[in-house]
Amino acid sequence: MDPAFRKPVVGLVAGGALAALGPVIGLFATVLSLQRAFGAVAAIDPSRKATVLAESISEAMTWTAVGLGAGVVGMLVVLAAVLLLVRAAPAGARPAPGPPEPPGGAP
C-alpha cells in the first residue's frame, strides 16, 4: 500500500468503528445505569428515593452523551480521513470540478 494512503485508511477504519460502536456502547451503559438506578430505588428509604433516582438518571444520561460524543468524534475522523485520501489521490484520479456530463456525452 502506498504510504500516502496508509494513514487515511487507518483513519477510515478507526473512525468508522468509533462512529458505529460509540453510540451502541453508550446505550448499553445507559441501560445498565438505569437498571442499577431502579434497583437502588427499590431498596432504599422512601424519603431518599427522589434524590437517588435523580442522581442515577443523571449518570445514565451522562453515558448517553458520552456515546453520542464518541460517535460524533468518529464521524469527524472519517471526514478527515476522506479529505486526506482525496488530497493524496493522483491528479488524474480526482473528479473534474463542475457539473457532471450527461450520459452519452454532450449533444
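Could you please give the count of residues in region 30-55 that are part of a helix (DSSP H, G or I) and either of a type outside the set (Gly, Ala, Ser) or at pLDDT 95 or above (or both)?
Looking only at that region, the number is 15.
What are the residues in region 10-24 that are within 13 Å of residue 83 (Cβ to Cβ) and of a type in the set (A, V, I, L, M, F, W, C), if any?
12
Please specify each residue of region 65-91 satisfying the condition of being surrounded by 14 or more Cβ atoms within 10 Å (Cβ to Cβ), farther than 11 Å from residue 18 by Cβ and at pLDDT 95 or above.
The answer is 66, 68.
So which pairs qualify, if the first residue must be in region 79-107 and closer than 15 Å to residue 11 by Cβ, the second must be surrounded by 10 or more Cβ atoms within 10 Å (Cβ to Cβ) and modelled with pLDDT under 65, the Cβ gap must be under 9 Å, and the two must be at least 6 apart or on different chains?
Close Cβ pairs (under 9 Å, with a partner that is surrounded by 10 or more Cβ atoms within 10 Å (Cβ to Cβ) and modelled with pLDDT under 65) amount to 86/94.
Counting just the residues of region 26-64 that are of a type in the set (Ser, Thr, Tyr) and exposed (fewer than 12 other Cβ atoms within 10 Å of the Cβ), which one comes out farthest from residue 15 (Cα to Cα)?
This residue is 47.
Checking the conditions here, which among 11, 16 is at negative phi, under 24 Å from the mean Cα position of the chain (by Cα) and modelled with pLDDT of 90 or more?
Answer to the selection: 16.
Inside region 42-64, can you point out the residues that are charged (D, E, K, R) and under 30 Å from residue 21 (Cβ atoms)?
55, 59
Hey, could you check region 3-43 for residues that are among the basic types (Lys, Arg) and touching a helix residue (DSSP H, G or I) at 6+ places or on another chain (Cβ under 7 Å) and say which is nearest to residue 57 (Cα to Cα)?
Here the answer is 36.
The values are calculated or read from the model by the stated rules, or taken from the named source; none is laboratory data. Only a predicted model underlies this, so the values are computations on that prediction, with no experimental measurement involved. Cβ sites come from the backbone with ideal geometry, for glycine too, and all protein chains shown count toward neighbours.
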